[in-house]
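Shown next, in structure tokens, is the structure this report addresses.
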Amino acid sequence: MAHDPARCRSVGEPRHSKWWVEVFREAARRPVALLADTTKGLAVLTDAQLDVLAFDERGLIPAVVQQHDTGEVLMVAWMDAPALERTLQLGEAVFYSRSRREQWHKGATSGNTQRVLDLRIDCDGDVLLVLVDQQGDGVACHTGQRSCFHRRLPDGPDGPPVDAAPPLAT
């Protein structure tokens, strides 16, 4: 099922449209659902979870990506319904690039994929938490850093952001 921006939820509409529900139900019917929480076994999104998902007016939802065993926040990206569906199919993180206006499979080129172990929804249903096992060289950021959050705000009003961690790969 192709993404149709004209069918995206707008302000005042229910938290999900029939189209979004169809996408997720189709993903749930597939014989292999690769999202697995190591303590719970296989999991897919249910109707109850769909009821709390709140995509924005562009059909996107932010996804915070966290290393499952350390709690380290690796990155923040965006997902649309088809990217979330593809994540369910692959068991690896797939996001939506707002600048390129297309899906991207994290690490497909670099080998630094993110194996998805669990998907969680925040209390308002407008943010996803994606618990992953970072693969490859352990690099999540396009700059070669482990985490995209490797910079601190400057101490002074005029200083540039300061690197807080050395790169893992060059």
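The values are calculated or read from the model by the stated rules, or taken from the named source; none is laboratory data. All values reported here derive from a predicted model rather than from experimental measurement. Neighbour counts run over all protein chains shown; Cβ positions are idealised from the backbone, glycine included.
Counting only residues that are out of contact with any helix residue (DSSP H, G or I) (no Cβ under 9 Å at 6 or more places or on another chain) and part of a loop (DSSP other than H, G, I, E, B), segment 88-102 holds 5 of them. In segment 119-132, the residue that is surrounded by the fewest Cβ atoms within 10 Å (Cβ to Cβ) out of those that are under 18 Å from Asp69 (Cβ atoms) and modelled with pLDDT of 95 or more is Leu129.
Could you grab me the full set of residues in segment 99-112 that are of a type in the set (Lys, Arg) and under 13 Å from the mean Cα position of the chain (by Cα)? Let's see the steps before the verdict.
Start the filter on segment 99-112 by keeping residues that are of a type in the set (Lys, Arg), which leaves 100-101, 106.
Selection gives Lys106 alone.
Within segment 66-94, residues that are without any contact (Cβ under 8 Å) to a residue 60 or more places away in the chain and within 14 Å of Trp104 (Cα to Cα) sit with their Cβ atoms under 8 Å from residues that are of a type in the set (Gly, Ala, Ser) and in a helix (DSSP H, G or I), at 6+ positions apart or across chains, in these pairs: Val94/Ala83.
Entry remark, segment 50-65: residues being in contact with a Cys (Cβ under 7 Å, 6 or more places away or on another chain) and either free of Cβ contacts under 8 Å to residues at least 40 places away in the same chain or among the hydrophobic types (A, V, I, L, M, F, W, C) (or both) number 1 in total. Filter segment 33-74 down to the residues that are of a type in the set (Asp, Glu) and at pLDDT 90 or above, then identify the one that is nearest to Cys123 (Cα to Cα). By that ranking, first place goes to Asp56.
Evaluate segment 126-142: report whether one residue or more is out of contact with any Ser or Thr (no Cβ under 8 Å at 6 or more places or on another chain), assigned to a loop (DSSP other than H, G, I, E, B) and in contact (Cβ under 8 Å) with a residue 60 or more places away in the chain. Yes; the residues of segment 126-142 include at least one that is out of contact with any Ser or Thr (no Cβ under 8 Å at 6 or more places or on another chain), assigned to a loop (DSSP other than H, G, I, E, B) and in contact (Cβ under 8 Å) with a residue 60 or more places away in the chain.
Only residues that are surrounded by fewer than 17 Cβ atoms within 10 Å (Cβ to Cβ) and assigned to a strand (DSSP E or B) were counted across segment 104-114, and they come to 2. Among the residues of segment 151-161, is there at least one that is crowded, with 17+ Cβ neighbours inside 10 Å and either within 25 Å of Ile61 (Cβ to Cβ) or aliphatic (A, V, I, L, M) (or both)? No, that holds for no residue.
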